[in-house]
1. Under unit Cβ charges (Lys, Arg +1; Asp, Glu -1), what dipole magnitude, rounded to 20 debye, does the stretch 216-404 have relative to its Cα centre?
2. What would the Debye equation give as log₁₀ I(q)/I(0) for the chain at q = 0.07, 0.12 Å⁻¹, counting only Cα atoms as equal point scatterers?
3. How big, in percent, is the set of alpha carbon pairs in the stretch 108-180 lying more than 14 Å apart?
4. Counting only residues 5 or more places away or on other chains, whose amide H sits under 5 Å from the amide H of Val498 once H atoms are built in the peptide plane?
5. So what is the calculated 222 nm ellipticity per residue for the chain, using -39500 (n - 2.57) for each DSSP H run with n of 4 or more, over all residues, to the nearest 500 deg cm²/dmol?
6. Taking loop as defined by DSSP and a crowding limit of 13 other beta carbons within 10 Å, which chymotrypsin sites (Phe, Trp or Tyr not before Pro) in the stretch 167-259 fit?
7. With the dipole of the chain worked out from charges on the C-beta (+1 for Lys and Arg, -1 for Asp and Glu) around the Cα centre, which of Ala17, Val170, Val287 lies farthest toward the positive end?
8. So, in Å, what gap is there between the alpha-carbon centers of the stretch 117-189 and the stretch 257-290?
Amino acid sequence: MLNEHCQIECLDCGFQAPYHPLETVCPACGGAWRQATYDYAHLASDLPPRLKERAFDLWRYREMLPITQPAPELRLSEGGTPLIRALNLGMMLGCSNLFMKDERQGPTASFKDRQAALSISALKAAGVREVVLASTGNVAIAYSAYAARAGIKLWAFLTSLVPAAKMREVALYGTQVIKVTGSYDQAKQVAAEFARQRGIFLDTGARSITNIESMKTIAYEIAEQLGEVLEPPANGLGTTRPRWRAPDWYIQAVSGGMGPLGVLKGFREMYQMGWIDRIPKIGVIQVEGCAPMVNAWKQGREVAIPIQSPRTNIATLATGDPGRTYTLLRNWMLEGSGGAFESVSDEEAFRAIHFLAKMEGMSVEPAAAVACAGLIKLVRSGQIKPHEVVVINISGHTLPVERTILGEGWSRSVVVSDAMHVGAEEGLLAALSKITVDRFPRIAIVDDHPEARRLIRRILQSQGDYTLFEAASGREAIELARREHPDLIILDLMMPEVDGFGVIEALQAQPETAEIPIIVVTAKELTPAEKERLRGHIQSLMQKGDFLSDDLLDEVRALLK
């Protein structure tokens, strides 16, 4: 059912008309860039009480969408993804309010499920039977799933850089896959010409009303979820109305920029209706080998200059020409929300894949890792402050894990011989002994905070065969060092009774412990006198909230060679 209160406004001439799925340009001037508007004054008070009895999914906010009631048979539980606090990553970065919007939980494991659900519903309602689109992977997979349920034939033009596994998944749904040997922008051109010649409906990406409107549901969900987590009712009792809370920052990796454009529109609408007290700053992250938006932002340009030949292994972000999307994002950010455009290397993104999996238990696609690597840059540059609430879009799952991410030597083997089948325990023990090394470096972790010890233990366990000891106080640390003689001590300075300085002095006063190397990991801002006190007595000083897992591992490996 089409939303009769939804009006489509042309961004060029201001002409307004009711929404219709097959109308892709302005009837008055032919402009291709338009936006949906609603009766915000009425919905501001009328909609929130209705939400109490509704499921937490994309259609929860249907009055704010051009389609108010999808066909039940098309639904796949789209939207309503969890918001998860990133405890370990937040601890490493010094950001206590860092959250991940886990879009991997969608029906086809990416945030593009929202786009496909709303767009295919609209096209089904309009009687469309064939659709053409260009994609770098996730869009084609999501559209294929929903088109299959809707009985719509889909033509997907995929750049040859898309991993073969994703192409096969697209084909599995019955979609006609057209592999284009060229860039994504060239694939879009070929798809558009194919649709024109055959008279088939063409998905227009960020220019599509349903595509942008679907993405804004991410903002509505985040505002509700943060309200529940950060602003619980004072008396502990529930209310009949949602509690809305906007983050200080929303971070997402982009190719063409549709996602942040839609999310920012959602936050702007909620601010206009008085549901939130701020519009978050937006962190738009691109890969260095294809960063036309970042280049334009840093050069102060209103229009992005296209990248003709993207140079990145992350195919889903290889859109060289963002078109007007960049200009719209830039202008909205400059008008008040603020934010930043930043780029990261492929290597930084692949590194982020590793530590998100090992620190947070989340296997993410390279695009989500790009967002995470961009977050790290924004934190380290001081643009994101330690107290700010940050939400990062975990846009999809890394299924399957690409070979370039793991490299070689990621597994060990056990050969089961015939002798073992007849019960020779010696053969089993011999085989198992080859899985591990003969001698484990022995490391002591000393910190009075259990969560800090857990984080450091997890970092070490993630990529090293270590025997680990723990001490919760300085006195325990001294006794442990004398008893176990570890090869390395990772030491906090601020502890009750005997602090880290006292531990260092006690260990170096005894010949049997004086030579044990020490890495100090502390949240304390050291005075010049305290730094001088440590000089010559420790091997490394690392600040909590200002290091990543690989930083610590590099220091450990250097000392244990």
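Please treat every number below as a calculation from the coordinates, not as lab data. What you are looking at is a predicted structure, and each value in this text was computed from that prediction instead of being measured. Here Cβ is always computed from backbone atoms with ideal geometry, including for glycine, and neighbour counts include all displayed protein chains.
1. Details: 19 positive and 19 negative charges, 55 e Å.
The calculation lands at about 260 debye.
2. Reported log10 I(q)/I(0), two decimals: -0.49, -1.14.
3. Numbers: 1340 of 2628 pairs.
Counting pairs separated by more than 14 Å, the tail of P(r) holds 51 percent.
4. So Val498 has HN proximity to Gly474, Arg475.
5. On the way: 20 runs with 218 residues, N = 561.
For the chain, the value works out to -11500 deg cm²/dmol.
6. Values: sites: Tyr173, Tyr184, Phe194, Phe201, Tyr220, Trp244, Trp249, Tyr250; in loops: Tyr173, Trp244.
In loop regions of the stretch 167-259 (DSSP not H, G, I, E or B), there are no sparsely surrounded chymotrypsin sites (Phe, Trp or Tyr not before Pro).
7. Of the candidates, Ala17 comes out farthest on the positive side.
8. After rounding, the separation between the Cα centres reads 26 Å.
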